[in-house]
Every structure is written in structure tokens, then in C-alpha cells.
Amino acid sequence: CKCRWRSPLRFIVGSSSSSKLRPTLSRELRRSGINNGSGGCSCSRSVTTMIGNEFIRCQDESTRKILQEQIVNALCSGERPGASALLSKLIHGNNPLSADDFHSILKYCARSPDPVFVMETYSVMCKREINLDSRSLLFIVQALCNGGHLDKASEFIQALGENDSISPLLPVYNYFLGACVKTRNGNYASRCLELMDQRRVGKNEITYAALLKLAVLQRNLPSVNEILKHYVDHYSLSILSLRKFIWSFTRLGDLKSAYELLQHMVALASRGELFVKFKSGKLHSTRLDIPIPSSTQTRSEKVALGGVNDHTASLMVDAHGKNNVPATRILRWSFNDVIHACGQSKNSELAEQLMLQMQNLGLVPSSHTYDGFIRAVAFPGAYEYGMTLLKVMQEQNLKPYNSTLATVSAYCSKAFQVDLAEHLLDQLNLRPDMRTYELLFSLFGNVNAPYEEGNMLSQVDCCKRINAIEMDMVRNGLQHSPISTRNVLRALGAEGMVNEMIRHLQRAENMYLETATYNIVLQSLLEANETNMVIKIFKRMKACGYPADAATYNIMIDCCSIIHSYKSACALVSMMIRDGFSPKAVTFTALMKILLNDDNFEEALNLLDQAASEGIQLDVLSYNTVLRKAFEKGMIDVVEYIVEQMRREKVSPDPSTCHFVFNCYVEKGYHTTAIEALNVLSLRMLGGEVKESLQEKKAELEESFVMSEDPEAETKIIELFRDSREHLAAALLNLRWCSMLGVRVIWSEEQSPWAKGLSNKYV
């Protein structure tokens, strides 16, 4: 006969994962008792044998599944020896095994996680020469990463990639990168990316998302720009990917890039290009994750607010927002991100523009939106606006966040509206968290108003406040955080309570500290002229393994100016450069201060020129350092040289600049020149404060302040100090006094022979 049983047998052999088990037909026949020398062929006997083999195979598979379940149950119960014994029983069976027979075990180890047992399982798989498949490899890497063994996971991926039999696939690398993000480990992430490039694995959207998170954690803005550049070379931007890039730019303070991408997102949504839906409670892209060359130059494409008109915008929400709730949520989240970034940078103008655009788009602001918006538009001088916005939220049935109330309370406190601040804090009837106490230490740790020094009464009051807040914090089961510790140390330092500050530092050293914490203590000690203690704390900081940063070195160099040690300052500058920190304006200022204390004007001016040649923009404090000493020594030539340098470097003077220059001329008897110089310097101060040209504002300023006969004119000027506009107030007072002396006030430097003379003198 033709033996029709061969076809089903071939089917059975071929279906049982032939690529993994690799059984040959002759071996299968021999195990069945069938061979070519059996003397003839019996169809009935062959069929019976076939059915029996199939039955045995099914029994073996069932046994292996039961053993896997027993191993997992043993691990769940903590019976590791029992699990190891069952694993040994599984691998010592007579039947061939494949990676499929270990998936349940490896999957459990990945989720537990159990990195020890996963490696034990991998070891026995190697002994039986069982090839890993992609799922097994992913489970092993997950177990190692979740168990905190990034080093072992990295070695495992590296070793497997060198084996021709199997190479890790992109999901494995992506998971490893995600673990690097969670642990903030940039070194292993870099190694992983190198491997991916060497092995030409490629990248997908998950890869780019992990790289973005890592760049944000590392505060690496150039890296985010580079990732965006590579992304648009392979993908067209969707609102979901734009959301991730906008989030990254806002976290790193690049408000301009975030705003541009937000407008691009609005344009995509208005065209109905959404490609997003909810799946298993999470947002997912509906388009295939296949690299697609971008058809637009996104970074150069700027979609202005007018690019999506009100009519189109409202239609977009009606047509796509209600039918595609995820898209509406993504839009609102991205607007919130940019508005919160406005709050960080105090960009009230852009925040208001974005709120208006949200309304035009039909996006209803949430409590989170208002939290960022209030941070942007309500500051100490405009705390009333913050209160107004809280009423608007109440009208919209939106409950403000605790952080929102705390923010407005802080602004009220800084504006000396203490009763209103306490009223807002009383509304925080929820159990206070660490953020609450951090704010309390920041707001109420200091007793004196700005510019006032601590005294015995204020120091006692400060201690009472801090102790009361700390006791309440302990009652709520909370301990100091690094932020609260810094706020306490800053408050004690501001009150001049050196010993109490040192005791708090010593207690805090038992927990994790940061370099920034030591910097607060060092600066406070320096302001108290406790130079010996500054040096002692600096040495202790270095001994404890805390690295000095640029601020630390600048504080120590400033300390050298007090102890008159230029040699020590130069040694610190060398250490600073060796640690990768470039000298800044404050560094040059401290060095000049040391030289000027030794009356070495020539070297100090050389440093001034060196800073300019190196492209370092010195600030008004740097120039005032030289002016102060030149005024004390009566060196008019140096004073005039510095004033002209400030003009050329476009550094606006401040009230101290005016004081040093005016009094230097007066003490030398040049009274007319002194008044003219005061007039010109005041104009330069106004130029930095008034947006319009002085010629346009001349009439208004003269009528309201400078030449006004209103007895309340000076009172009105002084009110500007309360709005934190010190330079504007000082400039107007100076000009008013010039007018009262009977001198004609000039409103252009071109009318000043003194200013022209300096310009021609130092060509």
C-alpha cells in the first residue's frame, strides 16, 4: 500500500516547534519502533503507533506545564530550595526542551523581581544547550534590571550580542534604557546606545522617549535638541510625540522651543491629524511605529497664533475634541506644561497669551492650569491679581491646589500682607506634606525685613518659629528634606545665628546633604566674617566627599579677599578650572577685590581687561568694586575710566555707581561736574528701566516727578521702591534733586560735555 499515515506524521513532527526541537524523521521512526527492516507495512499498526506517540507527547507537554506552575508557586511561597529541586526535575526529563518550557518561570522572575533564580534558570538552560528566544531574553533582562543589577544586565546584553545564535532585539535595549532612566544612570545608557549603533539595531518611538527622559534627568538641553533633530529625520511628528518634546523643553527651561512645538501641535490638531487613543487606561499612538521621513522642517516652522483662527480652533474641538478625548487631553496637558514653564521664568505676558489661546480653542483650564498661571502672573507686587484668580477659580467650581494657595500666600507675605497670607494658609486643611513645611520655613523662618540685620529679639523670635514648625512636622511623622534643611540654614544665616546654623548643619550631616546646602552655610559664614569657620566647613565638606561646584569656589575666593590672600585665591582658581568650572564675573570680581585691598589698581584693571578679552560679561557689581576703592582713594582718572568702560560694555549703572562717582567729584571740589555726571548716570539707569525712549517719556516724567510742584511727588517716587523698582525710583529722585539745585536737567547724553569728554578721552 501507499502508507497514507506518512502525511499526518510529517505534519505532527513539523508542528512541534521543529526549529527548536530539531527531531529528525528517522529518530522519530526509530522511537516509534518503525524501521525499514520490519518486514512489510501494516497501516493499522502504523496509525496506532502514531496516535500513541501523539498521546505521549501531549502528556509530556502537560507534565512540563505542571512543573512550571509548581516552580512558580514554590517561588511565590518563598520555597526556593523546592523551586530549585523542581527545576532540576524539569531539565532531567527524557524529552527535548525548548525556551517555551521556561517562559512562565522567567516571566515570574521578571515581575517579582527575582534576579537570582532567573540566572539559576538561565544556567541550567545553558547546560542543556537550550537556545534562548526573544521572549526569554527580554524576561531575563527585565529580572536583572528590576532587581537593581544594571551591571549584570549590561554584561548579559553585551555577551549575547557576541553570540551568533541569538542577538537582543530592540525591545530588550529599550527596556534596559528605561531602567537606566529610572536609576538616572547615564553611563550604562551610553554603553547601551553604543551597542545599538554597532549592531545596527535601530530606534523606535519608545527609544526616543527613553532618551528624552534621560536627557531631562541629566539637565542636558543640547541632547534634547539633538534627539529632536534625529527624530524628525525618521518620523513625522504627531501630537503624542510633540507632547513628549514639549514636556522635555519646558522641564529644561527652553520656553521658546516648547512654545514653537505647541503651536505645531495646535496646527496638527486643527487639521485632524490626531493618531491617538486610549488603550488599557493609557494613551497610545494609532499609527504604526515605522520610521517615516519627516516632510516638514519642524524647528524652523513657526505656527503663529493667527495660524489657527478662532473659527477653525473651535471647529477643531467640536469635530475632534469630543470624539477624540485623548487628543483634547494631550493639548491641555501641553498647554499646562508651557504655562508652568512661564511660571518658572515669570513670563506673565506669554502665560496670558496662552490662556487666551486655550479659551479660543475651547480647552477648559483646570486647577493645574491655574496653578502654573498664578505662578507666572502673580508676584509680590501683583499679589492682588493672584487673589482675583482664586475668586475666578471659585466661580468655575475649581478647587485650588495646596501649592496654589501656598504660592499666593508667599507673595502676600513678601508684600507684607501677613494677615492675608495666614488666611490663605488656614485653608490648607489637609494634612500638611513636606512641601508645606518647606514653604513654611521659607516664609516664616526670617523675621526681619530685607536689608535689616538680625538682633537679639529677632533671633529669639526666629528660633521660636523654627522650633514650632519642626515640632509640628514631627507630629505629622515627617523629617527634614534637603530643601527644608536649606531653608532653615538660610533663615538662621540671615539672622546671623552662626552657632545655631552650625548645630543644624551637624544634625543634617547624618542624612543626605548636597553641595548647595554647604554653599548656603559657607555664604552665611562669609557674610558674618567668620573666615576661620568658612575654611573649616570647606575642608569638612571635601573630606565628606561632597564635590565643590562653581558657587563653592567663588565663595572661597571671596573669603580670600577678606583674609588678603591672593596666592590662595589663585590656587582655588586653578582647582576650579581643573574641576571643569570656568571663571565667571563673580570670580574676577573677588580677585579684583583682593588686589584693590592691596592698592594694586594696575593688576586689578588688567583683570578687568582680561575678562573683556575672554568674552566674560562683567556686571555692575564688578565695576562698582573698582569704583568704591577709586572713590576712597580719590582717583578720578580711574573713576572716569570705569564709567566709560561701563558705557561701552552697555552695563547700566545702579544707585551705588551714582554715589561713588558723584561724591568723588564733590570731594575734589568739582561740584558742577558732579551734578552733570549724576544727571547722565541717572539717564542711563532710566534707559534700563523704561521701555520707551526717554524723549517720548520726557514730558510725562518731568510733569509727574522731576519738575512737579506737587508736595507728594517725592512720596510717589518712593512708592516705586515698594514695587521693587529701585533703579527707576533712584534715577527719578536724582533728577529731581538736580532740578531743585537750579540746574537744567538734560534728557540726552549728547547734550553733556562730560559724557562727550570721556568718550573722546578713552578711544
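The values are calculated or read from the model by the stated rules, or taken from the named source; none is laboratory data. The shown structure was predicted, so the numbers you read here are calculated from the model rather than taken from an experiment. No Cβ is skipped: glycine too gets one built from the backbone with ideal geometry, and neighbour counts run over all protein chains shown. Heavy atoms of the whole protein, side chains included, go into the accessibility calculation; ligands, DNA and RNA do not. Shrake-Rupley method; radii C 1.70, N 1.55, O 1.52, S 1.80 Å.
Taking first residues from the range 359-381 that are closer than 15 Å to VAL408 by Cβ and partners that are basic (Lys, Arg) and part of a helix (DSSP H, G or I), the Cβ contacts under 6 Å between residues at least 6 apart in sequence or on separate chains come to PRO380/LYS414. Taking the criterion of being among the hydrophobic types (A, V, I, L, M, F, W, C) and surrounded by fewer than 19 Cβ atoms within 10 Å (Cβ to Cβ), the residues of the range 513-532 that qualify are LEU513, ALA516, ALA528. Restricting the range 340-365 to residues that are within 23 Å of the chain's Cα centre (by Cα) and of a type in the set (Gly, Ala, Ser), the residue that is most open to solvent (accessible area, probe 1.4 Å) is SER345. Checking each residue in the range 415-437 for being part of a helix (DSSP H, G or I) and not hydroxyl-bearing (Ser, Thr, Tyr) picks out VAL418, ASP419, LEU420, ALA421, GLU422, HIS423, LEU424, LEU425, ASP426, MET434, ARG435.
Let's see how each residue does on (1) open to solvent by less than 20 Å² (accessible area, probe 1.4 Å); (2) assigned to a helix (DSSP H, G or I); (3) modelled with pLDDT of 90 or more; (4) of a type in the set (Phe, Trp, Tyr):
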| residue | (1), (2), (3), (4) |
| --- | --- |
| MET501 | yes, yes, yes, no |
| MET511 | no, no, no, no |
| LYS536 | no, yes, yes, no |
| LYS539 | no, yes, yes, no |
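Counting only residues that are of a type in the set (A, V, I, L, M, F, W, C), part of a loop (DSSP other than H, G, I, E, B) and within 23 Å of LEU425 (Cα to Cα), the range 476-499 holds 1 of them. For the condition under 29 Å from TYR188 (Cβ atoms), out of contact with any Lys or Arg (no Cβ under 7 Å at 6 or more places or on another chain) and crowded, with 21+ Cβ neighbours inside 10 Å, TYR235 does not qualify. The number of residues in the range 395-414 being outside any helix (DSSP H, G or I) and surrounded by 20 or more Cβ atoms within 10 Å (Cβ to Cβ) comes to 1. Of the residues making up the range 720-763, those that are open to solvent by 80 Å² or more (accessible area, probe 1.4 Å) and part of a helix (DSSP H, G or I) are PHE721, ARG722, TRP737, MET740, GLU750, GLN751, PRO753, LYS756, ASN760, LYS761. Across the range 575-585, the qualifying residues are those that are of a type in the set (A, V, I, L, M, F, W, C) and farther than 16 Å from SER613 by Cα, and the one among them that is least open to solvent (accessible area, probe 1.4 Å) is MET576.
ASP599: more than 21 Å from LEU728 (Cα to Cα), at pLDDT below 95 and not in a helix (DSSP H, G or I), yes or no? Answer is yes for this residue. Can you name the residue in the range 638-670 that is touching a residue at least 24 places away in the same chain (Cβ under 8 Å) and among the basic types (Lys, Arg) and, of all such residues, is surrounded by the fewest Cβ atoms within 10 Å (Cβ to Cβ)? Applying the filter and picking the extreme gives LYS668. Give the residue that is most open to solvent (accessible area, probe 1.4 Å), with candidates limited to residues of the range 315-339 that are at pLDDT below 50 and more than 14 Å from LEU268 (Cα to Cα). So, considering only residues that are at pLDDT below 50 and more than 14 Å from LEU268 (Cα to Cα), the one most open to solvent (accessible area, probe 1.4 Å) is ASN323. A residue that is in a helix (DSSP H, G or I), open to solvent by 70 Å² or more (accessible area, probe 1.4 Å) and closer than 23 Å to LYS584 by Cβ occurs somewhere in the range 626-637. Pairs linking a residue in the range 331-354 that is under 16 Å from LEU389 (Cα atoms) and touching a residue at least 40 places away in the same chain (Cβ under 8 Å) to a residue that is surrounded by fewer than 20 Cβ atoms within 10 Å (Cβ to Cβ) and not aromatic (Phe, Trp, Tyr), with Cβ atoms under 9 Å and 6 or more positions apart or on different chains, are HIS340/HIS368; GLN353/LEU305. Taken over the range 371-394, the residue count meeting the criterion of being more than 22 Å from GLU422 (Cβ to Cβ) and either surrounded by 15 or more Cβ atoms within 10 Å (Cβ to Cβ) or among the aromatic types (Phe, Trp, Tyr) (or both) is 4.
Each residue in the range 591-625 was checked for being hydrophobic (A, V, I, L, M, F, W, C) and open to solvent by 70 Å² or more (accessible area, probe 1.4 Å), and 1 of them qualify.
THR552: more than 27 Å from PHE631 (Cα to Cα), among the polar types (S, T, N, Q) and part of a helix (DSSP H, G or I), yes or no? Considered against the rule, which asks whether it is more than 27 Å from PHE631 (Cα to Cα), among the polar types (S, T, N, Q) and part of a helix (DSSP H, G or I), THR552 comes out as yes. If you go through the range 105-114 and keep only what is surrounded by fewer than 21 Cβ atoms within 10 Å (Cβ to Cβ) and within 32 Å of the chain's Cα centre (by Cα), you end up with ARG111, SER112, PRO113. Considering THR250, THR207, the condition of being among the polar types (S, T, N, Q), crowded, with 19+ Cβ neighbours inside 10 Å and closer than 15 Å to ILE339 by Cα is satisfied by THR250 alone.
PHE588 meets each of the listed conditions (1) open to solvent by less than 20 Å² (accessible area, probe 1.4 Å); (2) closer than 19 Å to TYR762 by Cα apart from (2). For the condition in contact with a Lys or Arg (Cβ under 8 Å, 6 or more places away or on another chain) and over 17 Å from VAL521 (Cα atoms), ASN467 does not qualify. Tally up the residues in the range 439-475 that are outside any helix (DSSP H, G or I) and at pLDDT 85 or above, please. The total comes to 0.
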